[in-house]
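The values are calculated or read from the model by the stated rules, or taken from the named source; none is laboratory data. What you are looking at is a predicted structure, and each value in this text was computed from that prediction instead of being measured. We place every Cβ from the backbone using ideal geometry, glycine too, and count neighbours over all the protein chains shown. Surface accessibility is based on the protein's heavy atoms, side chains included, excluding ligands, DNA and RNA. Shrake-Rupley method; radii C 1.70, N 1.55, O 1.52, S 1.80 Å.
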Amino acid sequence: MRLTGMALSNLARRPLRSALTMLGIAVAVGSFIVMVGLSQGIERAWVTDLRARGTHILAGQKGVVNRLNTSLDESLGREMERVEGVGAVAGELGDLMILEEDQTTVSAGWPMGCYLWSALHLTEGRLPSPGEADAALLGEAAAEALHKKAGDVLLLQGRRFTLVGVFRMNGVMGNSAVVIPLGAMQDLMQRPGKVTGFNIRVDRPEASGRVAEVKRRLQAAFPALVFAESDTVADDDSILKLFRAISWSVSAAALLIALVVMLNTLLMSVLERTRDVGVLSAVGWTSGRILRMFVLEGTLLALMGGIAGLLFGSTGLHWLLRLPRLRGLFETSLSGTLLLQVLLVTALLGILGSLYPAWRASRLSAMDALKYE
Amino acid sequence: MPAPLLSAEEVSRIYPKGGCTALNKVTLSIGPGDYVAVSGPSGSGKSTLLHLLCGLDHPTSGRVLFDNAAPANASAWARLRARRIGFVFQSFNLIPTLTALQNVEVPMFGVISRARERARRAESLLGCVGLSSRRNHRPGELSGGEKQRLAIARSLANAPDVILADEPTGNLDSRTAGEILDLLEGIRKTGGTTLVLVTHDAAIAGRAGRRIALMDGSIVSDESSAGRRA
C-alpha cells in the first residue's frame, strides 16, 4: 500500500460525501471551463478570422467600447494608403445579425475590389459583380445551417439579397459570416459613407518589426484612431476585456465555493477519524506525515473533481457552441494551456482546502484522539 | 547489569482537569529482554505509566529515558514508536477501512520506503500470528482474538526492541486470552524483545519475570522471579 492508496481508501470511507464534494468541484471547474472557454473562444475566432483575411492591422475609433457602433468616414482609408509601408486598406462596415433559423452571424460590408474578397475560397457560385448591390456571399457553415445554396434568396433585416456564392475561410467566424458589398451594407445600416473600421495589409510583413513600425506610423498620422496588430487585437478590445473580467470573476466565485465545500468535507473527515489519527500517532506517524496524508486526500479529491469538471465543461462548451446563436462566433477548441491551468488551479484548490483540516489533524494530541468516541 | 532500555525518573503525571495525580514520582528501569507485568486496580496509574513510557503522554515532572536518552520532542518520540516501540491496545485500535495486511503496513511508512517491501514484511508478520488467510479482511470481519493478533502483528511491523501491551487480553475470553499471551511470550522468547504488559489479572501478571504493582499512582511492589526489587 502506498500513501496514495491509503488516502483513496479514506475517501472511499464516505463514498456519497466524497462523490458530492467531487461533484461540487466538478461543477465549479466545469463553469470555469465554459466561461473562460467562451472568452478565449471568441478571441481566438476573431484573430483567426483576421489572419485568414490577410489583415495585419485593424483600425478603429479611439475610446469606444463597442467598435461595431462606431462610424468612421470611409475616405480615411485612402489617406491611410499613403502612409509608408501600408500595402492595402479595406474599410469594413460590420455588425452582428440574426438570420433565419435564429443563426447569429457576423455581417460585413466590403468595398468592391478590395483585397478582402481574395481571401474567400469559393465552394460554389461567384463573387458579386461591380454594381451588383443585392448580392451576398455566405460562409460555408452558415450556408449549411441555413440550408442555402448559390441562387437562393437571403433576407437581411427584411431586405432580399441574392446569394451569389458560398465561401470557405479558415476559422469559425469567417465560415459563419455573410458578406455583401459595402454600399449595400451602408444602405442597410443607414450609415452612408461610413465604416466601423479598416483592415490594413502591410507591405513585406515578414520583415522583423515591420508591422509594429507601420502601426506606429499610422498611429502618429491618425491620433484619433486606434490601431491594433491582428494577433493582439483581442487583448485591448473593451468588450472582450469586460467579457474576460466577468468570466474570470464568475469562475473565481465558483472555485471559492468549491474550496469551502472541500474545507467542510475534510473538516468533517478529520472529526470522524480523530481516533484513527490517534492510532497513526501511536504507531509512530509524525505530525508531518499525518498532515501530508490529509493534504494528499484533499488534492486527490480536488483533482478527481477537476478531471470530471474538465469533461463536464468541455462537453458543455461544445454543446453550447452548437446553439445557432453562438456557433458562428466562437472557436470551440480548448487550449492545452487552459486545461493545464485548470488542473493546476484544481490541485492548488485541493492543497488550500485541505491545509487547515490537515493542520488540525496533525495537531491532535494522540492521547485525546485515542479517547475520542 | 545491562544498561536499561526504558527508564522513568521521578515521573509524575497530574491531569490539569480536577488536579488528579495519576502517577506520583515513579522511578523504574526496564532492561533489554525483560518481561514485566504492571498490575494494580483500576485508576492506579498502570495505563498512564505505559503511555508515558512510549511518549504518547508526557510527564508533568520527571523524565522518561529510552536507551539512556530523553527524546527531545513529540516527533522524536514518534520516530521511536515507529522504529523501536510496539504498542498493543486493549481495544485493538485498528483502522477500520484498511485490510488486515494494510493495517500491518501502516507503521512501516517512513521506515521501509518501498511499498512492495512493506507488503512482503506485512505478509510475513500475518503468517507469524496465524492470519495469512485473513489478509484481505477488514477489522470488522475479524473476531476479537483475530483483531488482537492483528494488533500484535502491527506492533511488530518494524521489529521493535520493546512491546508495550495495555491490557491486551482485557476484551477476550479466557481461552483466546491464553493464546494471545502465548503469542506475545513466544515473540519475546524468539526475538529477545522486551515485553511490558499492563494487567489487573494476578494470574497473567504471575507469568511475567518481573511484576510491578501500582496503587494510587505509586509503585507499591516490584518483584522479580529472582527476588524482590522494591
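Only one entry in A:304, A:293 is open to solvent by 60 Å² or more (accessible area, probe 1.4 Å) and closer than 26 Å to residue A:16 by Cα, namely A:304.
Listed by position, the strands (runs of 3 or more DSSP E) contained in region B:19-134 that have at least 1 residues being open to solvent by 10 Å² or more (accessible area, probe 1.4 Å) and more than 11 Å from chain A (Cβ to nearest Cβ) are B:20-30, B:35-39, B:61-66. A single entry from A:305, A:284, A:309 fulfils the requirement of being on the phi > 0 side of the Ramachandran plot, modelled with pLDDT of 90 or more and not aliphatic (A, V, I, L, M): A:284.
The residues listed here are A:41, A:30; of these, the one that is modelled with pLDDT under 90, among the small types (Gly, Ala, Ser) and crowded, with 16+ Cβ neighbours inside 10 Å is A:41. Region B:142-220 holds strands (runs of 3 or more DSSP E) entirely within its bounds, and those carrying 2 or more residues that are crowded, with 16+ Cβ neighbours inside 10 Å and of a type in the set (Val, Ile, Thr) map to B:162-166, B:194-199. Condition check for residue A:83 on (1) closer than 24 Å to residue A:237 by Cα; (2) touching a helix residue (DSSP H, G or I) at 6+ places or on another chain (Cβ under 6 Å): one failure, at (1). Return yes when residue B:41 is over 30 Å from residue B:172 (Cβ atoms) and either modelled with pLDDT of 90 or more or not hydrophobic (A, V, I, L, M, F, W, C) (or both) and no when it is not. Spelling it out, it is not the case that residue B:41 is over 30 Å from residue B:172 (Cβ atoms) and either modelled with pLDDT of 90 or more or not hydrophobic (A, V, I, L, M, F, W, C) (or both). Total residues in region A:1-54 satisfying the condition of being within 14 Å of chain B (Cβ to nearest Cβ) and part of a helix (DSSP H, G or I): the figure is 12.
For every residue, the table says whether it meets (1) over 22 Å from the mean Cα position of the chain (by Cα); (2) of a type in the set (S, T, N, Q); (3) surrounded by fewer than 18 Cβ atoms within 10 Å (Cβ to Cβ).
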| site | (1), (2), (3) |
| --- | --- |
| A:68 | no, no, yes |
| A:75 | yes, yes, yes |
| A:85 | yes, no, no |
| A:94 | no, no, no |
| A:103 | no, yes, no |
| A:109 | yes, no, no |
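Selection of region A:230-268 for residues being among the polar types (S, T, N, Q) and over 30 Å from residue A:199 (Cβ atoms) yields A:249, A:251, A:264, A:265. When A:38, A:11, A:16, A:50 are checked against the criterion of being more than 23 Å from the chain's Cα centre (by Cα) and in contact (Cβ under 8 Å) with a residue 60 or more places away in the chain, A:11 stands alone in meeting it.
Inside region B:1-18, can you point out the residues that are open to solvent by 20 Å² or more (accessible area, probe 1.4 Å) and either over 23 Å from residue B:191 (Cβ atoms) or in a helix (DSSP H, G or I) (or both)?
Selection gives B:9, B:10, B:13, B:14, B:15, B:16, B:17, B:18.
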